[in-house]
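For reference, the structure is listed below as structure tokens.
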Amino acid sequence: MVADPLMGRQDAAEALGLVAEAAGPYLAALPDLPVRDAAQAHLLKDLDGPLPEDGEGAPAAVAELLRIGTRAATHSSGPRFFHFVVGGSTPAAQAGDWVTSLLDQASGLWLTSPLAARAETVVLRWLRELVGLPESFGGVLTPSATFANLTGLACARHWWAARHGTDVTADGLAGLPRMPVFSSGYVHASDRKALQLLGLGRDSVRTLTRDDAGRIDLDALDRELAAAGPAVVIANAGEVNACDFDPLSDMADLAEEHGAWLHVDGAFGLFAALSPETAHLVRGVERADSVAADGHKWLNVPYESGFVFVKDPSVLGRAFGGWNAPYLPAPDDELVNYNMLGPESSRRARALPIWATLRAYGRSGHRAMVERHRDLAVHLGRTVEESDDLELMAPVTLFVVCFRYRPPGVPEDRLDELNRRLGAELVEDGRVYAGTTVYRGVVALRPAIVNWRTTEADVDLLVEVVREIGGRLLDQ
Ligand SMILES: *Cc1c(COP(=O)(O)O)cnc(C)c1O
């Protein structure tokens with residue numbers, strides 16, 4: 001019997017029912033699951049096997065996927081995944097994402113989905129309002145901050161080439177000098193990747209730093225911009241080691257004075273605008289030419305979710321519009337074809353989970369989450385400072401706590417190795433996830449607290465497990 005989707009039309013509801021049935025117990029267990037359960041790793045091989053000639057039908061296939069997935073997944077949407085900057089998924093955003101799959105909209109064109117296009121226009125407006133960007137900025141949703149950086153920097157490249165009399169979308173970079181790009185030492189790998197993809201070269205960024213943390217040397221930036229001609233400045237609204245911010249207003253002043261394009265990478269840091277206690281960190285972002293951010297980090301919507309805003313909305317259409325007809329929506333144009341404003345053509349309705357979470361929790365709900373994460377980070381920072389076996393490496397500004405294990409009596413020259421092994425063992429252990437970095441020349445942990453589920457008990461468990469594993473390593 002051939003399993004053909006046309007023969008099994010009623011299977012969809014049954015298969016989706018299986019997912020809904022599994023969701024309840026899975027989500028209820030999530031707070032107590034280890035981040036990764038090594039004992040379930042053997043299940044990964046059950047994914048493998050020859051391509052079936054005759055399929056087993058939707059309910060059986062989905063049941064199998066759920067059996068493997070709910071056990072062998074990294075439970076990073078739970079409360080104790082502090083490695084990198086990995087957000088959770090609010091209940092509304094997660095369900096909104098299911099709606100996206102249910103409706104399966106072709107979201108590139110107004111014609112194929114007025115629903116998706118209108119939802120995108122609405123959430124872009126809500127996001128601008130949420131983070132305090134002017135209503136006049138254009139925008140587009142992207143799969144991630146990497147794509148948002150790519151989009152913003154593609155606009156910068158278009159602007160820069162035009163300053164040299166070239167339409168880069170038609171003619172490419174041939175014959176042009178190298179585009180000057182300046183940043184601090186905080187510049188994220190994804191900005192380099194974007195420059196690499198744009199044919200500008202990842203090493204085109206000159207980092208102008210004044211200390212070993214990578215902070216920007218504003219005098220050097222002033223001098224370089226004065227000499228460079230049209231140039232691009234990448235400002236970093238939140239770096240990943242300690243959540244430090246470049247001085248956006250000062251960089252905006254210099255960009256303005258020298259006629260440079262200012263791109264702000266605010267992947268997670270843009271959301272500092274939500275709280276009066278941290279809003280000063282992003283002051284000046286409203287003067288940027290382009291701003292990139294992530295939804296799947298601090299907004300806590302599922303992957304893949306990013307967005308970019310551009311001061312001159314027409315540049316998006318010029319940089320990404322179609323052949324001989326750059327797409328230039330009028331400001332009041334509702335019939336937007338978002339596939340003309342960004343790197344994607346066909347795309348999913350990623351506005352829907354954002355719409356759902358902002359509608360469900362509003363500004364105050366998201367502000368509360370941002371403030372809770374900062375409070376938890378401050379709590380962890382205080383615990384570290386009060387411990388004689390832990391050392392805080394940088395002030396707590398937002399949600400990262402950069403610290404190392406430093407028990408009394410261990411010589412300085414053994415600490416890097418000790419902390420590196422500690423980081424590796426933490427991940428191996430799986431109860432909590434945190435990773436190491438090299439900060440100002442020393443190996444340190446840098447847990448990031450950005451999941452709506454995380455509580456003080458989860459943060460305290462991190463300290464407990466660090467001590468337990470650290471102690472064991474000392475005894476070896
Ligand atoms: C995570 C991050 C990015 C890249 O975001 P993705 O969503 O992983 O593509 C860019 N910049 C900064 C500062 C980040 O933290």
Inset, instruction - For the stretch 72-91, enumerate the residues that are more than 16 Å from the ligand (Cβ to nearest atom) and surrounded by fewer than 20 Cβ atoms within 10 Å (Cβ to Cβ). - result: A72, A73, P91
Inset, instruction - Report yes if some residue within the stretch 117-128 is closer than 30 Å to A444 by Cα and at pLDDT 95 or above; otherwise report no. - result: no
Inset, instruction - Kindly indicate whether H280 is surrounded by fewer than 23 Cβ atoms within 10 Å (Cβ to Cβ) and either of a type in the set (F, W, Y) or within 30 Å of V396 (Cβ to Cβ) (or both). - result: yes
Legend entry - Qualifying residue in the stretch 17-26 (condition: hydroxyl-bearing (S, T, Y) and within 22 Å of W298 (Cα to Cα)): no
Legend entry - Single condition N451 does not satisfy, out of (1) closer than 29 Å to F271 by Cα; (2) in a helix (DSSP H, G or I): (2)
Legend entry - Test for D211: is it assigned by TED's automatic domain parsing to the domain that holds V310, of a type in the set (D, E), in a loop (DSSP other than H, G, I, E, B) and over 25 Å from the mean Cα position of the chain (by Cα): yes
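Conditions tested, residue by residue: (1) closer than 13 Å to L127 by Cβ; (2) outside the structural domain of S190 (by TED's automatic domain parsing); (3) touching a Ser or Thr at 6+ places or on another chain (Cβ under 7 Å).
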position	(1), (2), (3)
T278	no, no, no
E286	no, no, no
V291	yes, no, no
D294	yes, no, yes
V301	yes, no, yes
S305	yes, no, no
P313	no, no, no
G317	no, no, no
Inset, instruction - Would you confirm whether any residue within the stretch 68-80 is touching a helix residue (DSSP H, G or I) at 6+ places or on another chain (Cβ under 8 Å) and farther than 30 Å from L376 by Cβ? - result: yes
Inset, instruction - Give me the pairs, please: first residue somewhere in the stretch 147-170 and closer than 17 Å to G229 by Cα and of a type in the set (F, W, Y), second residue anywhere and part of a loop (DSSP other than H, G, I, E, B) and open to solvent by less than 10 Å² (accessible area, probe 1.4 Å), beta-carbon distance under 9 Å, and either six or more positions apart or on two chains. - result: W160/M179; W160/A231
Legend entry - Cβ-Cβ under 8 Å pairs, at least 6 apart or on other chains, the stretch 44-71 side surrounded by fewer than 13 Cβ atoms within 10 Å (Cβ to Cβ), far side among the small types (G, A, S): L44/A72; D54/A3; E56/A3
Legend entry - Hits in the stretch 195-240 - residues which are of a type in the set (S, T, N, Q), open to solvent by less than 20 Å² (accessible area, probe 1.4 Å) and within 15 Å of the ligand (Cβ to nearest atom): N236
Inset, instruction - From S314, S249, grab the single residue that is of a type in the set (S, T, N, Q), open to solvent by less than 50 Å² (accessible area, probe 1.4 Å), part of a helix (DSSP H, G or I) and in contact with a strand residue (DSSP E or B) (Cβ under 8 Å, 6 or more places away or on another chain). - result: S314
Inset, instruction - Identify, from the list A360, A368, A356, the residue that is in a helix (DSSP H, G or I), touching a Pro at 6+ places or on another chain (Cβ under 8 Å) and farther than 21 Å from L461 by Cβ. - result: A360
Inset, instruction - Residue by residue through the stretch 107-152, note down the ones that are in a helix (DSSP H, G or I), under 18 Å from N337 (Cβ atoms) and away from the ligand (no atom under 16 Å from the Cβ). - result: P114, L115, A116, A117, R118, A119, E120, T121, V122, V123, L124, R125
Legend entry - Residue satisfying condition, being touching a Phe, Trp or Tyr at 6+ places or on another chain (Cβ under 7 Å) and open to solvent by less than 20 Å² (accessible area, probe 1.4 Å), within set G470, G430, G423: G470
Inset, instruction - Could you run through the stretch 252-271 and say how many residues are within 12 Å of the ligand (Cβ to nearest atom) and assigned to a helix (DSSP H, G or I)? - result: 3
Legend entry - In the stretch 153-202, the residues that are assigned to a helix (DSSP H, G or I), under 18 Å from V264 (Cβ atoms) and under 21 Å from the mean Cα position of the chain (by Cα): L153, A154, C155, A156, A189, S190, D191, R192, K193, A194, L195
Legend entry - Failed criterion for E334 (all others in (1) in contact (Cβ under 8 Å) with a residue 40 or more places away in the chain; (2) crowded, with 24+ Cβ neighbours inside 10 Å hold): (2)
Inset, instruction - For A189, state whether it is in contact with a Ser or Thr (Cβ under 7 Å, 6 or more places away or on another chain), in the same structural domain as G295 (by TED's automatic domain parsing) and within 14 Å of the ligand (Cβ to nearest atom). - result: no
Legend entry - Meets criteria (within 13 Å of the ligand (Cβ to nearest atom), at negative phi, in contact (Cβ under 8 Å) with a residue 60 or more places away in the chain and surrounded by fewer than 24 Cβ atoms within 10 Å (Cβ to Cβ)) for V291: no
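The values are calculated or read from the model by the stated rules, or taken from the named source; none is laboratory data. Keep in mind that what you see is a predicted model, and the values were worked out from it rather than measured. Cβ: placed from backbone, ideal geometry, glycine included. Neighbour counts: every protein chain shown. Protein only, heavy atoms only, side chains kept; ligands, DNA and RNA dropped before computing areas. Shrake-Rupley method; radii C 1.70, N 1.55, O 1.52, S 1.80 Å.
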